[in-house]
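Taking it in order: structure first as structure tokens, then the write-up.
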Amino acid sequence: MRSGRAAQPKSMNKDQNATLARRHQELLQLVEARGQMTVDELAHHFGVSDDTIRRDLQNLERRKLLLRTHGGAVSTALLVHRETPFLIRANAHADAKNRIGRAAVQLISDGETLIINGGSTTFAFAASLGPRRNLTLVTNNVAMLSVLPAEAIQDVYLLGGQYRMNLGSTVGSVGFSSGNISVDTAILGVSGLTATDGLSTTVLEEASMLARMITSARRTIVVADASKLGSNAFAQIAPLSAIDALVTDASPPAELSQALSDANVEVIVAPT
């Protein structure tokens, strides 16, 4: 005689799946209509627990239908309205970038002034700033503005220059007519890091801009997923010794790890 819970009828499983699919569809419509929503707002709307909504968001993010943020989600329609290179980059290694963004936010204190460059990993960082308060941001990352949590931000300054559609950001000299910029922390995404050539990017005009961001900051944190580690891009930015910390999703290869240690760069691997 068999013991244990009897199997649920197939019709019940079908009903549950249909309910889940309807909730996911409505959830996506809500987030797209409002741009972004919190877990609490979504749980209240659907009459389910916060944990249920978090599982829904994880499922939808895996399917690249939305982007999770700290405490909620944002519509990918806010990034771009078609499959641009920026959206392609944002979707590549999306889970790793979100984990890196959340880990990097833990290094930021309330009231800091930050300078943040364009890029999909810094976009994920910006979307995760919800726990912080009274931040002042300087950025060339135009796409980032749509996901900044209003409660965290005091002021935002945009750097001018040529707007590059493929980057979702401007490229130009760092600075204002009123004088030079001095910030607490630079948060930078890069295209590559190697032991011998340091930090690099794919856009020549961006290299000097990022170098200026580094010199304008009292500390520099690089956010980069594992695909960038050990890779060298077209334009060199600065040596590893120019940065203070690297936040990534996997331990760097041995040669790069030794070079980072020699340069006194703290390496933080984002938790899963």
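The values are calculated or read from the model by the stated rules, or taken from the named source; none is laboratory data. Just so we're clear, the structure is a prediction, and the values are computed from it rather than from any experiment. Ideal geometry is used to build each Cβ from the backbone, glycine not excepted, and the neighbour counts take in all protein chains shown. Surface areas here come from the heavy atoms of the whole protein model, side chains and all, with no ligands, DNA or RNA. Shrake-Rupley method; radii C 1.70, N 1.55, O 1.52, S 1.80 Å.
Per-residue packing, averaged as other Cβ atoms within 10 Å, sorts the ranges 228-235, 97-104 into the order 97-104, 228-235, beginning with the highest. Taking θ as phi - 60° and the Karplus parameters 6.51, -1.76 and 1.60, the scalar couplings of the stretch 104-111 work out to 5, 4, 5, 8, 9, 9, 4, x Hz in sequence order, x denoting glycine and proline. With R₀ set to 35 Å, the beta-carbon distance separating Ala263 from Thr19 gives a calculated FRET efficiency near 0.05.
Given H placed on each backbone N at 1.01 Å, which residues far from Ile181 in sequence or on other chains put an amide H within less than 5 Å of it? So Ile181 has HN proximity to Phe176.
Using the average count of surrounding beta-carbon atoms within 10 Å as a protection proxy, the listed peptides 39-48, 121-130, 140-149 rank, highest first, as 121-130, 140-149, 39-48.
When each of the peptides 110-119, 254-263 is scored by how many other beta carbons lie within 10 Å of its residues on average, the order from highest to lowest is 110-119, 254-263.
Summed over the residues of the stretch 184-254 and divided among them, the accessible surface reaches 36 Å² per residue at a probe radius of 1.4 Å.
Backbone amide hydrogens, once placed in the peptide plane, bring Arg133 within less than 5 Å of Asp110, Gly111, excluding anything fewer than 5 places away on its chain.
Across the accessible surface of the stretch 167-272, with the other protein chains kept in place and a 1.4 Å probe, carbon and sulfur atoms take up 49 percent. For the stretch 260-272, putting each phi into the Karplus relation 6.51 cos²θ - 1.76 cosθ + 1.60 with θ = phi - 60° gives couplings of 5, 5, 4, 8, 6, 8, 6, 10, 10, 9, 4, x, 7 Hz, in residue order, rounded to whole numbers and with x for Gly and Pro. Between amide H atoms placed 1.01 Å from N, distances below 5 Å from Val203 occur with Ala235, all of them 5 or more places distant or on a separate chain.
Across the stretch 241-250, rounded Karplus estimates of 3J(HN,Hα) from the backbone phi angles (6.51 cos²θ - 1.76 cosθ + 1.60, θ = phi - 60°) give 5, 7, 10, 9, 8, 10, 10, 9, 10, 7 Hz, Gly and Pro being marked x.
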